[in-house]
Amino acid sequence: MKQTFKIITFQLFTLIFLNKFQAQDIPTGKGSSMLSLSGSFTQKNTTENKSVSGGYYTDQYSVSNLFISSTYNYFVVKNVFIGPGMELVVNSNTNSQTNSIGFGSQFGFAFTVNENKLIPFLSLGGRYYVLLDETSYNYEFKKVNHNATKLFVNSGIIVPIKKHIGLTIYGEYYKYATSNDRTDHVFAINLGITGLLYRIGVED
């Protein structure tokens, strides 16, 4: 997994470096592209009172989630993009840990406002995940392989801080269904950075 992180980081900074040699004022014009790296982290601590025969007991546990996403989007026409994406997810709680990697694609719309100072966007897509669960049964961890699918829609904004680099914030709603019949409906806020590769030419 560390090697995958290195590859994603290398891709992002390579694109940012190459962007310096491009000359164009249309981040969302035909032929332009975006390479993004984003993520989020959540942790929840829960105390739950449960009833048992003869009384009650208190159950305490925590759940954490680390999410990292890398996407490449190419503008096939002005303001319309499509591209591949990859995601890494680590979920852990008191009894189990799940490491997963997902691949898929997305398409969407983006446009510039206020002389390219803001780039709002909307995208839809899907991912297919391969999961490796380590689940505790009587304090013995057993590995369980299964898969999952994810359908999502997200909307956010890119704020250029330099001509070819932007900070990204977006909200994402997704449905996540595993092969062991678990389905989650989730809303998350993600932060990231985006490299903006402008095409050479004039606006279409």
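The numbers here are math on the coordinates, done by the rules we state, and not lab data. From a predicted model like this one, the values you see are computed outputs, not experimental measurements. Counting neighbours? That spans all protein chains shown, and the Cβs are built from the backbone with ideal geometry, glycine included.
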Full extension between residue 151 and residue 115 adds, at 0.36 nm per residue less the Cα distance, a length in nm of 9.7 nm
Gain in length, residue 188 to residue 92, computed as 0.36 nm per residue apart minus the alpha-carbon separation, to one decimal in nm? 32.8 nm
At R0 = 22 Å the Cβ-Cβ FRET efficiency linking residue 161 and residue 79, nearest 0.05, sits at 0.50
